[in-house]
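Each remark here refers to the structure printed beneath this line.
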Amino acid sequence: MTARQTTDTMPLLRVQNLQTHFLTRFGAVKAVDGVDLELAPGEILGLVGESGSGKSITGFSILGLIDPPGRIVGGSIEFDGRDLLAMKERELRRLRGNDIAVVFQDPSMTLNPVLRVDTQMIEAIQAHETVSSAAARQRARDVLVKVGIPSPDERLRCYPFELSGGMRQRIAIAIALLNRPRLIIADEPTTALDVSIQGQIIHEVRELCRETGTALIWVTHDLAVIAGLADRIAVMYAGRIVETGETDEIIHHPMHPYTRGLIDSVPSGSTRGARLHQIEGMTPSLLELGEGCAFRDRCHRATEQCRETPGVTSLGNTREFRCWHPETGGDQ
Amino acid sequence: MSAFVINRLLQAFFVLLVMSVLVFVGIYLVGDPISMLVSPEATDLERDAVRESFGLDRPIFVQYITFLGSALQGDFGRSFLTGEPALQLILERMPATVELVGFAMFFSVVIGVPLGIIAGLRPEATFSKVIMTGSIFGFSLPTFWVGMVLIMLFAVQLGILPTSGRGETVQVGPIELSILTLDGLRHLILPALTLGLTKASLIIRVTRAATREIQAMDYIKFARAKGLSSSRILRVHLLKNVLIPIITVAGLEFGQALAFAVVTETVFSWPGMGKLLIDSILTLDRPVVVAYVLIMVLFLVLLNLVIDLLYMVIDPSSREKVRD
């Protein structure tokens, strides 16, 4: 059982109380405000939330790729037992692309338009290993085959503008896989693609991760996408993780009203013709966020008690949520 | 590719044709060159004789057809003033101007690009703010003033650099070059600095803007996420993209400076084409003005062609457009 594995083995990644703030003229925007995450080797975690919930910033924080005015102001990130926040830039550079790789959202922007695909792949290998360009090229070619790119030799000689969006995203994924990383952070990698390509890519990524034992954090706003992919799901709202647990548990028995809202707003066979559920209101401004549950203004279960910040409630090994009034009837 | 070049040269030919008509007629309308050529006391008879000898008594379109006929054979006529072939007059002075402008552009790119990149990468640093303030002075100070201050400083006060002429030159084929001798190089420094200051300031600003824009691109972040060293990101990923706008601006500025280097040439008594053009316009020396304009048009068209070819080297997507 996944739950057992998660607790028995030493976690690959452990994020504790991560706080990433953006210091603006109007005050500190608490984009990530106390996030805890744990990931076992080979595990696939879905990090779900609306835009502005801090899910992408969480991913970039792990890589140390937060640009000013953003700053990690608190917490700890341990990868394979090593403290990433205490690392020098030089050590972090060695880790990036080698042990921890990333796939971005928009494939039209991730590849440099003036460099050929082979240049961009070979440099990613040679940044971490002393290998001949010919050997690196061969490896790049092999990985392109693995991500399902036809006639890879031809594609290697292409410039990004000569390739379709789906093809570019496959190449970006291939680049992430080049050095057999132990963790891939994928930031909404299929959002910009056609639905049919989306399905293929999700399927392939899942297979590749299983095959190579790579752990994956898949950041998305789309619960439907993640349901068929992830072992576990963490739901983020306004800079905090409000609920986490195994995928089946979360989908069938959501405890947090926000998670329930997300699930109800996914179209399914039984909702055909009916009006889709939507969560009232908008994500609160992260500038004005005070004490209390950030979701209370949009929550149909909210009471006076919600003015206090709810603590973490644990149910079993991997199930946690932050809510005073959890959904009790697991009736779906 | 070769179709592209031929197409461009054909375009150039039509531009030359149109320009020749415009300049020919323009100068004709401005005034009568005869009044510049004969003494005020000359009789009407003498005037008519001179006019006839230059062929200026015939209707303007006949004059133009005659000019066009010989121009197609490489003969742009003789200067009304000196009687020398107009083309030769210009070509004699062209190397001096090209050399001056080329050196000034080289200076402005070598100074401007690194400073612009530094200012773009660290916009908040004091050093960057100093660079940006300096660049505002650089292009708002008038050229003649900068030239005179440089003369005051380096020639009059310090006495280390000469102020006028080309110095010692070396004959390379039919052209004379200053840049190949030490003395010539010393003569070149101050005028090139004067002319290059404005250009360098502009290139600093363009480079900084491009650097800031490209720095924020996802592909730079992705390059960092691949674990590349910052020097490789700078040299390969950033610089190649920043060069695209720089080439545009540097090319335009080069053409601009070449055609209008006259102020600098005057301040430093540099024997280039700029002075020749102004004198010829004042004396309505039509053959020289027309030949000058046509040579400049040809030069600018070729310059643009070179810029486009450079684009293709740097920006692969521009190659695609040419192929279609």
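Here are some notes:
- Of A:LYS146/B:LYS226; A:LYS55/B:LYS221; A:LYS30/B:LYS226; A:LYS88/B:LYS226, pairs whose Cα-Cα distance is over 21 Å: A:LYS30/B:LYS226
- Remark: segment A:72-79, residue by residue, has Karplus-estimated 3J(HN,Hα) of 7, 9, x, x, 9, 10, 10, 10 Hz, where x stands for each Gly or Pro and the curve is 6.51 cos²θ - 1.76 cosθ + 1.60 at θ = phi - 60°.
- Interface burial for B against A (accessible surface, 1.4 Å probe, total of both chains, Å², rounded to 100): 2300 Å²
- For A:ARG240, residues with placed amide H under 5 Å, excluding near neighbours: A:ASP33
- Largest GNM mean-square fluctuation across B:TYR292, B:TYR311, B:TYR64, computed for chain B with C-alpha springs under 10 Å, falls on B:TYR64.
- Length gained when the stretch A:SER285-A:LYS88 is fully extended (0.36 nm per residue, less Cα-Cα span): 67.6 nm
- Across segment B:294-305, rounded Karplus estimates of 3J(HN,Hα) from the backbone phi angles (6.51 cos²θ - 1.76 cosθ + 1.60, θ = phi - 60°) give 5, 5, 5, 4, 4, 4, 5, 5, 5, 4, 5, 4 Hz, Gly and Pro being marked x.
- Residue-wise HN-Hα coupling along segment B:176-185, computed from phi with Karplus coefficients 6.51, -1.76, 1.60 (Hz; x: Gly, Pro): 9, 10, 8, 5, 8, 10, 5, 5, x, 4
- Principal axis extents of the Cα atoms in the protein assembly as shown, from largest to smallest and rounded to whole angstrom, are 118, 55, 53.
- Cα-based Kirkwood hydrodynamic radius, segment B:15-72, one decimal, Å: 12.6 Å
- Two-site FRET efficiency, B:ARG8 against A:GLU162, from Cβ-Cβ distance with R₀ of 25 Å, rounded to 0.05: 0.50
- For the protein assembly as shown, the mean residue ellipticity at 222 nm estimated from helices alone is -16500 deg cm²/dmol, where every DSSP H run of n ≥ 4 contributes -39500 (n - 2.57) and the total is divided by all residues, rounded to the nearest 500.
- The mean number of Cβ atoms from other chains found within 10 Å of a Cβ in peptide B:234-241 is 3, as a whole number.
- Accessible-area composition of segment B:90-323, carbon plus sulfur, in percent [1.4 Å probe]: 70 percent
- Taking the inverse of the mean reciprocal distance over all distinct Cα pairs, the Kirkwood hydrodynamic radius of segment B:90-323 comes to 19.5 Å.
- Packing rank of A:39-50, B:45-56, where each peptide gets the mean count of other beta carbons within 10 Å, highest leading: A:39-50, B:45-56
- For q = 0.10 Å⁻¹, Debye-computed log10 I/I(0) when each Cα of chain A counts as one equal scatterer: -0.61
- Modelled FRET efficiency - R0 60 Å, B:GLU46 with B:THR248, Cβ distances, 0.05 increments: 0.65
- Under 19 Å from the A:GLN278 label point (7 Å along Cα→beta-carbon), backbone N, segment A:243-265: A:258-265
- Volume per residue that the Cα convex hull of segment A:105-154 spans, once the total is divided by residue count, Å³: 99 Å³
- Neighbourhood charge, 13 Å Cβ-Cβ cut-off, centred on A:ARG307 and excluding it, Lys, Arg +1 and Asp, Glu -1: -3
- Heavy-atom accessible area, probed at 1.4 angstrom with all protein chains present, ranks A:ARG275, B:ARG8, B:ARG93 as A:ARG275, B:ARG93, B:ARG8, highest first.
- Partner shielding of A:159-169 amounts to 1, given as the average count of beta-carbon atoms from other chains within 10 Å of each residue beta-carbon.
The values are calculated or read from the model by the stated rules, or taken from the named source; none is laboratory data. Bear in mind the structure is a predicted one, so any value in this text is a computation, not a measurement. Cβ sites come from the backbone with ideal geometry, for glycine too, and all protein chains shown count toward neighbours. Each accessible area value is taken on the protein alone, full model and side chains, heavy atoms only, with ligands, DNA and RNA left out. Shrake-Rupley method; radii C 1.70, N 1.55, O 1.52, S 1.80 Å.
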